[in-house]
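Below you'll find the structure, written out as structure tokens, and then a few comments.
The values are calculated or read from the model by the stated rules, or taken from the named source; none is laboratory data. What you are looking at is a predicted structure, and each value in this text was computed from that prediction instead of being measured. Methodologically, a virtual Cβ is constructed for each residue, glycine included, from the backbone with ideal geometry; neighbour enumeration extends over all protein chains shown.
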Number of protein chains: 2
Amino acid sequence: MRRVVDSGRSPATLAVVAARSGVSAKTVSRVINNEPGVRAETRARVLAAIQQLDYQPNLAARGLAGDRSFLIGLFYDQPGDYLSEFQTGAVQRCHESNLHLMIEPLEASSPDLRRHLSTLIRQLRLEGVILLPPLGDLPAVHATLAAADVPAVLIAPMHARLDAPVVDTDDRAAARDLTGALLERGHRRIAFMRGRPSHRATEQRYLGFADAMRAHGVDIDAALVQSGNFEFAEGLECARRMLSHRPRPTAIFASNDDMAAAAVSAARQLSLALPEQLSVVGFDDAPVATMIWPQLTTVRQPVRTLGRVAADLISEYQPHRHGWPQPAPRRRVPLEMIIRGSIGTAPADA
Amino acid sequence: MRRVVDSGRSPATLAVVAARSGVSAKTVSRVINNEPGVRAETRARVLAAIQQLDYQPNLAARGLAGDRSFLIGLFYDQPGDYLSEFQTGAVQRCHESNLHLMIEPLEASSPDLRRHLSTLIRQLRLEGVILLPPLGDLPAVHATLAAADVPAVLIAPMHARLDAPVVDTDDRAAARDLTGALLERGHRRIAFMRGRPSHRATEQRYLGFADAMRAHGVDIDAALVQSGNFEFAEGLECARRMLSHRPRPTAIFASNDDMAAAAVSAARQLSLALPEQLSVVGFDDAPVATMIWPQLTTVRQPVRTLGRVAADLISEYQPHRHGWPQPAPRRRVPLEMIIRGSIGTAPADA
DNA sequence: AGAAGAAATGTCAGCGCTGTCAATCCAGCC
DNA sequence: GGCTGGATTGACAGCGCTGACATTTCTTCT
């Protein structure tokens, strides 16, 4: 009895499956691709053979023959803590459609962004891409994608486009609710810390804040609306300025949790008691929101869901039509407010 | 004058480049793959044609013909804030070698982990994988990879293996330094908060702590060594227990920043002044480290570099040899201590 | 039963590239 | 010049699959 050492044992091919199940290769192909026009019994037989042989179709061959790639690109500029959650959601959804996700960092400000992107797209023959902010707003990116005829899904872009679907959240409504929570607790002098101007969320969150203030007939003190650029460090400076303003605001609405954490730090340094003397709300429910004391009242960003929905749109895209349907779909993912210890009743003497 | 609309204009193929430069397809292939045995002048001519035609080789075709995939897999279990940094480093390095990175979540505890992994590997024909903890320690993962003959790089695994290269950091030395910083400031009653048992870092950091204590002739109070499982919530419980212990520790060494943040929160709730009454150190230099007040003294984790080095090992892997060289390479990336406001001199009355 | 049409299945070329091996070129040497 | 051997280059098949189209096998209806 002889044994053949075969560490690189060649995996079963479609032809082997065909032989095993007594049909032609083409029929096996039909089964794999879930094409119609295969008798149920035949399909079952083929499926059984696939199982027995533990057959896995060769992606490269499928791609080459069918002029596809089964690859979706996820492009991002700044890696942030939300990225890994987002991509996890996107990958999961992609797998359901037998697609794979390639993640690609892409410097928005890089001079050869176009070349880089173009190389990537054409080498990989990406079937679609997901653009995390702020990439969805770069004309250079859209031009390159259009030239290569690759459909894109935009995540919370500043400006919606007719030719590209968008996934976003209703930040304005959430900001309204959040502001409402402060107003309900008697706050009137509320400072608002804006985010980075290049993000859609920056404007939307401010508008929601303004909506709520107006609805309650409360004036906004322009001196108490400043930008912290979504960053902790700048938020710290900003909060210091706000807290040294007189009369002092009784609450700070920070456009994200990093800046809210900064506001908490600033208050801490001024020995203000939270939430007795100052209420703070953030946005995003970032990890830091529950890592400081008091924990931040904020709005949970359904990041994983966003990733899933984005992948969903790409999967559903019908390439036989010319481009996306007009107008391109837009999906809104609901946002959820989370009340935690960082807000309280406005101080009486304020 | 007529214009032909050609949105899906077929990209140049290798054959076109060959015709253009007056050589055979095979020679163009040689140039693309940087194979030797091509006269410099010929190479230049081909390169010029590639440029002019803006030719991009088709990955799927190269893969099919050459039995490669140009794909590296990055597997992770828990998405964390470090993941996106890591993958950014890894992607960058991969691109330098014309490889692409596929990221794949993989539930360590999932019952069909093997099946899932196996499907992925064989469909994509991954050329190598990077295993983030704790995946590098799962026998099921190694078995599957070995069966498919796919080389793996382990990131900071609990147990090194002879057959797989490892990238890690010298946590023990860093923990020693960090403990030294506390001892220098007069601290003697130092509590130590351990991490998740499944991580190599947990043990290493404790050993470094113990090294330093022993070197200074300071006894470790066993009651002050407890586990917070690397998580904020558990860290909070743990810190409360530690701070209610009498005599109270004057410093807490938390095995990661999340738990250190928890220690700060706990101290805050007990109205302890930081760092006057309590010093806290963390580990990792996570975002939260600079988002709380006082900012955490910690050790910076060179995450992006780790990603780059991991990809480097995979790229350098020589598949013509049988497996990795014995013993497989191990790369240590240096760690850097960062002193911030969370530590101070031990209280005199302690 | 037989024809017509729909449904199911098969044949075959070829996607764009690389491995194998054969053909050609050229320098160096007698 | 003619020969030899290494350096270049080319011809061609085929990687594993799917598209287009041909063929066969059912249904259904008269």
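Structure summary
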| read-out | value |
| --- | --- |
| Every residue from the stretch A:135-144 that is over 16 Å from residue A:112 (Cβ atoms) and surrounded by 21 or more Cβ atoms within 10 Å (Cβ to Cβ) | A:136 |
| Subset of the stretch B:184-201 [within 19 Å of residue B:221 (Cβ to Cβ) and among the hydroxyl-bearing types (Ser, Thr, Tyr)] | none |
| Residue count for the stretch A:243-262, restricted to those that are under 30 Å from residue A:80 (Cα atoms) and assigned to a helix (DSSP H, G or I) | 7 |
| Residue list for the stretch B:101-140, restricted to those being without any contact (Cβ under 8 Å) to a residue 40 or more places away in the chain and hydrophobic (A, V, I, L, M, F, W, C) | B:102, B:103, B:106, B:108, B:113, B:138, B:140 |
| Single condition residue A:337 does not satisfy, out of (1) at pLDDT 95 or above; (2) more than 30 Å from residue A:276 (Cα to Cα); (3) over 12 Å from the mean Cα position of the chain (by Cα) | (2) |
| Verdict on residue B:292 being part of a loop (DSSP other than H, G, I, E, B), among the β-branched types (Val, Ile, Thr) and buried (at least 20 other Cβ atoms within 10 Å of the Cβ) | yes |
| Residue match in the stretch B:271-282 (condition: of a type outside the set (Lys, Arg) and free of Cβ contacts under 8 Å to residues at least 12 places away in the same chain) | yes |
| From the options A:248, A:268, A:214, residue that is without any contact (Cβ under 8 Å) to a residue 24 or more places away in the chain and away from chain B (no Cβ under 14 Å) | A:214 |
| Failed item, numbered, when residue B:91 is tested on (1) crowded, with 20+ Cβ neighbours inside 10 Å; (2) more than 7 Å from chain A (Cβ to nearest Cβ) | (2) |
| Residues (farther than 24 Å from residue A:148 by Cβ and small (Gly, Ala, Ser)) located in the stretch B:30-67 | B:37, B:40, B:44, B:66 |
| Condition met for residue A:113 (more than 12 Å from every other protein chain (Cβ to nearest Cβ) and farther than 24 Å from residue B:64 by Cβ) | yes |
| Residue satisfying condition, being of a type in the set (Gly, Ala, Ser) and within 23 Å of the chain's Cα centre (by Cα), within set B:195, B:180 | B:195 |
| Residue match in the stretch B:53-65 (condition: away from DNA strand D (no atom under 11 Å from the Cβ) and acidic (Asp, Glu)) | yes |
| Filter result for residue A:64 (buried (at least 20 other Cβ atoms within 10 Å of the Cβ), free of Cβ contacts under 8 Å to residues at least 24 places away in the same chain, within 7 Å of chain B (Cβ to nearest Cβ) and not small (Gly, Ala, Ser)) | yes |
| Condition met for residue B:38 (near DNA strand D (Cβ under 9 Å from one of its atoms), at pLDDT 95 or above and touching a Ser or Thr at 6+ places or on another chain (Cβ under 9 Å)) | no |
| Given (1) within 16 Å of DNA strand D (Cβ to nearest atom); (2) surrounded by fewer than 19 Cβ atoms within 10 Å (Cβ to Cβ); (3) outside any loop (DSSP other than H, G, I, E, B), number of the condition residue A:48 does not satisfy | (1) |
| Lone qualifier among A:24, A:69, A:29 - being within 15 Å of DNA strand D (Cβ to nearest atom) and surrounded by 21 or more Cβ atoms within 10 Å (Cβ to Cβ) | A:69 |
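For every residue, the table says whether it meets (1) of a type in the set (Lys, Arg); (2) within 21 Å of residue B:227 (Cβ to Cβ).
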{"site": "B:152", "(1), (2)": "no, no"}
{"site": "B:162", "(1), (2)": "no, no"}
{"site": "B:170", "(1), (2)": "no, no"}
{"site": "B:177", "(1), (2)": "no, no"}
{"site": "B:181", "(1), (2)": "no, no"}
{"site": "B:190", "(1), (2)": "no, yes"}
{"site": "B:196", "(1), (2)": "yes, yes"}
